[in-house]
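K.L.:
Take this structure, written in structure tokens, and hold onto it; I'll ask about it next.
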Amino acid sequence: MEMSPKKQPLADRMRPRKLDEFVGQEHLVAKGKILRSAIERKALPSIIFWGPPGSGKTTLVRIIAATTGTKFVPLSATSSGVKDIREAIDEARSIFSAGSAPLLFIDEVHRFNKSQQDALLPYVEDGTVILIGA
């Protein structure tokens, strides 16, 4: 259930929704640059975004998913265990079997422990998911 626009925080209402509205990272997302070209071709690799809080990492991932028409599956490494990863992978596998790899976004991915990484790795390696970590 989506919140009515009037009740959304201002930051959410003002959040860019298209690549042309996104400010910053021109060396990656400007016309003709590497990430924008991959987005336009719908040929995304698994990647890691890094930067300070509020720099637009999550916003950019949401724009990528919307632009490519890719199913967006978010997780937070600070609150997700192996069970959550397996549930996300189950969802991803059903999406993948329908013909496309979903975009699995893991915020705070550096906080994953070895068992969390091991639960995820085969599906990143075989292309079941496109992993974007932040």
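The values are calculated or read from the model by the stated rules, or taken from the named source; none is laboratory data. Note that the structure is predicted; figures quoted are calculated from it, not measured. Every residue, glycine as well, gets a Cβ built from its backbone with ideal geometry; the counts of neighbours run over all protein chains shown. Note: areas computed on protein heavy atoms with side chains; ligands, DNA, RNA excluded. Shrake-Rupley method; radii C 1.70, N 1.55, O 1.52, S 1.80 Å.
K.L.:
Test of understanding: what is the full-extension gain from W50 to K33, defined as 0.36 nm times their sequence separation minus their Cα-Cα distance?
P.N.:
4.3 nm
K.L.:
Still on this structure, please answer the following. When the chain is fully extended, how far beyond the present Cα-Cα distance does Q8 get from K114, taking 0.36 nm per residue of separation?
P.N.:
The Q8-K114 span can extend by a further 34.5 nm.
K.L.:
Rolling a 1.4 angstrom probe over the protein chains, ignoring ligands and nucleic acids, what is the accessible area of H110 in square angstrom, nearest 10?
P.N.:
130
K.L.:
Oh, and also: Which FRET efficiency, nearest 0.05, do S79 and A43 yield, Cβ-Cβ r, R0 35 Å?
P.N.:
0.65
K.L.:
Please check: in the Gaussian network model of the chain (C-alpha springs, under 10 Å), which one of T68, T78, T59 has the largest mean-square fluctuation.
P.N.:
For the chain, modelled as a Gaussian network with Cα springs under 10 Å, the answer is T78.
K.L.:
Could you list which residues have their amide H under 5 Å from that of G133, counting only those 5 or more apart in sequence or on another chain, with H placed in the peptide plane?
P.N.:
Under 5 Å from the amide H of G133 lie the amide H atoms of I47, I48, F49, I106, each far enough along the sequence or on another chain.
K.L.:
Quick one: which residues, 5 or more positions from K71 or on another chain, have an amide H under 5 Å from its amide H? H modelled 1.01 Å from N in the peptide plane, none for Pro or chain starts.
P.N.:
Result for K71 returns L103.
K.L.:
Now for a different question. Loop-only check: which GluC sites (Glu not before Pro) in segment 1-90 are DSSP coil with at most 11 other Cβ within 10 angstrom?
P.N.:
E2
K.L.:
Follow-up question, since we're still on this one. Could you tell me the calculated FRET efficiency between E21 and D90, based on Cβ-Cβ distance and R0 = 41 angstrom, to the nearest 0.05? Display every interim value, and only then the final one.
P.N.:
Numbers: r = 34 Å, r/R0 = 0.82.
So the FRET efficiency works out to roughly 0.75.
K.L.:
Take the alpha-carbon positions of the chain, form their convex hull, and give its projected area averaged over all directions (one quarter of the hull surface) in nm².
P.N.:
In nm², the orientation-averaged hull projection of the chain is 8.9.
K.L.:
A follow-up question, please. Sorted by packing (mean other beta-carbon atoms within 10 Å per residue), highest first, where do 4-15, 118-129 land?
P.N.:
For the peptides 4-15, 118-129, the packing ranking is 118-129, 4-15.
K.L.:
Calculate what fraction, in whole %, of the accessible area of segment 62-116 sits on carbon and sulfur atoms when a 1.4 Å probe is rolled over the protein chains.
P.N.:
Values: 1400 of 2910 Å².
Here it works out to 48 percent.
K.L.:
Holding the Cα-Cα limit at 18 Å, pick out from K42/K71; K18/K71; K71/K114 the pairs that are longer than that.
P.N.:
K71/K114
K.L.:
Name the helices (complete DSSP H segments) of the chain with a Cα length along the long axis of 20 Å or more and a Kyte-Doolittle mean of at least -1.0, or state none.
P.N.:
Span-like helices here: 82-97.
K.L.:
Another question, then. Assuming R0 = 22 Å, what is the FRET efficiency of T67 and E125, from their Cβ-Cβ distance, to the nearest 0.05?
P.N.:
Rounded to the nearest 0.05, the efficiency is 0.30.
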